Amino acid sequence: MADQDLPPAAQPAEPAQPVLGRPELRRYSRQLLVPEWLDAGAQEKVRAAAVLVVGAGGLGGPVLTQLAGAGVGRLTVADGDTVALSNLHRQTHYSLADVGRSKAEVAAARMQGLNPHVAVQVEGWLTSDNVNPLVQAADLVVDATDNFATRYLLADACAATGRTCVWGAASGTSGLVTVFGLGLGLRDIFPDAADELSCEETGVLGPLPNLVGSLMALEALKVLGEVGTPLCGQMWTFDALSGRSRILQLRPDRGKASSFL
């Protein structure tokens, strides 16, 4: 039978249009060379994802930069703070000219300039009024905040909606990263952090939040792209003075935050 006599259902299909255009393929070419990333179709999954990043400071800056660079489709950055001179030693995504400006707005503009294929939305402070809608609109949440009042507010919303949350902390010379979800949340591991101090009180070495934030971004990409084994039920800990890291197995009510920091 000649090709023109084939019934309609058997006609050769037109080639499918690629999900990623040529500019994106060039932009993401190096991570597309990673077999695990390519085989999982991770780039398409990341491109279709929406991520809420709460905090645009020392942790949130590298998170936003890496996720925008990697091609996450939609980023929402929530932070009502303004850039201060004392931020600049660690929050190197800001410059001296940004002092006094909105962190969220400056960070969003930087991310949009870094990757125009990413849609970036700006929110102010996270509150009891906006936390649930913001969490529900996201496929993944990243807690890059610096106080436990906001952390608990965000954690409760994630628990109520079943959202996975990438969590990190940096204080003094210590760093922590984990992924909360699957029945294990922040309150299970840190039931009482009333006495914990912020980096404004304890200080922090500048490179540390950038290191922790980059690992948080990596965990977020693993979750979104369904690649590798995220730190679910585990906590990565880092001592900047010795350069040593450990992976702890997490169990509910294991201890207060001070037992890790």
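Criterion first (out of contact with any Phe, Trp or Tyr (no Cβ under 9 Å at 6 or more places or on another chain), within 20 Å of THR150 (Cβ to Cβ) and either hydroxyl-bearing (Ser, Thr, Tyr) or in a helix (DSSP H, G or I) (or both)) does THR65 satisfy it? In short, no. Suppose we filter ARG163, ARG110 for residues that are part of a helix (DSSP H, G or I), at pLDDT 95 or above, buried (at least 18 other Cβ atoms within 10 Å of the Cβ) and basic (Lys, Arg); which single one remains? None of the other options fit; the residue is ARG110. Here is a check on your reading of the model: is ALA119 aliphatic (A, V, I, L, M) and touching a residue at least 40 places away in the same chain (Cβ under 8 Å)? So ALA119 passes the test. Filtering ASP146, ASP129 for residues that are in a loop (DSSP other than H, G, I, E, B), among the acidic types (Asp, Glu) and over 17 Å from the mean Cα position of the chain (by Cα) leaves a single hit, ASP129. Within the range 33-82, if we keep just the residues that are more than 10 Å from the chain's Cα centre (by Cα) and among the polar types (S, T, N, Q), the residue that is nearest to GLN121 (Cα to Cα) turns out to be THR76.
The values are calculated or read from the model by the stated rules, or taken from the named source; none is laboratory data. All values reported here derive from a predicted model rather than from experimental measurement. Neighbour counts are summed over all protein chains in view; Cβ atoms, including those assigned to glycine, are modelled from backbone coordinates with ideal geometry.
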